[in-house]
Amino acid sequence: MIPVGDETTQDGGEPMAIVTGAARGLGFHLADELACHGFRTVCVVRNPSDAVRLRELGHLVRPVVGDVTDVAVGRSVARNVGGGAVGLLIHNAGVGHPPRRLRELGVDDVLDSFVTHCLGPLRLTQALLPALRRSPCATVVHVSSRWGSFAAAAEDDGPGGKHYAYRIGKAAQNMMSLCLRQELAGLGIRVVAVHPGALRTAMGAPDAQDAPSTAAADLVRLLLTDPREGLPPFTARAGDPHPW
Ligand SMILES: NC(=O)c1ccc[n+]([C@@H]2O[C@H](COP(=O)([O-])OP(=O)(O)OC[C@H]3O[C@@H](n4cnc5c(N)ncnc54)[C@H](OP(=O)(O)O)[C@@H]3O)[C@@H](O)[C@H]2O)c1
């Protein structure tokens, strides 16, 4: 079943997707994968040079230069969507801050993580709500992390510095995702948080095993084939429920 196939854009009638943080890593491969599946894909990148590279993925990929922490990004993306319907909104942009002990912790790192993973995506979803509502069955995806899970984090109870900023930002993103899921279900909009796996990207751990291209292919397959009722609120990329 393809849950996002009926809506059209003002361009050529293709279904429309939005991916943030598409300059590299998982986001870049999500953009590529979605374009291969025929989605007109609006990609948010911070640097104009990355926009040039994304255009090489083909005519369905439309880069927008913007920063998800900037309130103006919602307007820029909405302008690119025009009167079209957004079937998939993937909040993928993420930042990793190194582990810190409390005495070394910079509050700015925590704030940056919170705004990047939670507040920015929340504002962008708000700005795109009319376009999501124009789709008969839209999905909002928060690319979260196992480190946003209280259950997973509680297992890591050793001494030493902790990823305060990343964990707090991702936990906030998970709670935001759950609130949105509960509210937007009434509008027919599905909202999920996804742990994509340990990926070999700039942010990934040194022992990460999975290629971001594989994760992107799995995730797009999951989103396009899973029956709408069947996707857990917090899911691993294969579709298994992830503990909160
Ligand atoms: N890698 C893993 O093992 C892993 C595990 C669990 C979850 N995740 C999550 O997966 C997502 C993708 O991460 P990745 O592994 O692909 O990392 P990555 O290679 O470091 O890519 C992160 C992307 O996010 C973009 N970005 C960061 N802040 C942004 C902002 N304020 N506005 C717009 N774009 C911004 C970066 O843009 P620039 O190029 O401009 O910096 C980059 O394109 C993240 O949300 C991450 O938390 C990753």
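Which residues in the stretch 101-134 have a backbone N closer than 16 Å to a point placed 7 Å from the Cα of V71 along the Cα-to-Cβ line? Residues 115-116, 119-128 qualify, since their backbone N sits under 16 Å from the label point. In whole angstrom, the chain maps to an equivalent ellipsoid with semi-axes of 28, 19, 17, each derived as √(5λ) from the alpha carbon gyration tensor and ordered largest first. Based on Cα atoms of the stretch 128-244, Rg over Rh with Rh as the Kirkwood radius reads 0.99. Entry note, the chain: relative contact order of 21 percent, from Cα contacts under 8 Å with a spacing of 6+ residues. Protein heavy-atom surface of the stretch 1-158, 1.4 angstrom probe: 52% of the accessible area is carbon and sulfur, with nucleic acids and ligands not counted. Pairwise over distinct Cα atoms, reciprocal of the mean inverse distance: report the Kirkwood radius of the stretch 38-110 in Å, one decimal place. By the Kirkwood definition, the hydrodynamic radius is 14.4 Å.
Calculated FRET efficiency, E183 to L111, Cβ-Cβ distance, R0 = 30 Å: about 0.75 to the nearest 0.05.
Plainly put, the stretch 48-192 has a radius of gyration that is 1.02 times its Kirkwood radius, both from alpha-carbon atoms, as the Rg/Rh ratio.
Counting only the Cα atoms, the stretch 187-232 fills a convex hull of 88 Å³ per residue. Accessible surface area normalised per residue over the chain is 45 Å², counting heavy atoms of protein chains with a 1.4 Å rolling probe.
Springs between alpha-carbon pairs under 10 angstrom, Gaussian network model over the chain: which of T20, T41, T201 fluctuates most? Its mean-square fluctuation being the largest, the pick is T201. Compute the long axis of helix 25-36 from its Cα atoms, compare it with the longest principal axis of the Cα atoms of the chain, and write down the angle in degrees, 0 to 90, nearest 10. Around 20 degrees separate the two axes. Spatial offset of the stretch 41-71 relative to the stretch 202-226 amounts to 20 Å, using the alpha carbon center of each.
The values are calculated or read from the model by the stated rules, or taken from the named source; none is laboratory data. All values reported here derive from a predicted model rather than from experimental measurement. Because the Cβ atoms are built from the backbone with ideal geometry, glycine has one as well, and the counts that use them run over all protein chains shown. Note: areas computed on protein heavy atoms with side chains; ligands, DNA, RNA excluded. Shrake-Rupley method; radii C 1.70, N 1.55, O 1.52, S 1.80 Å.
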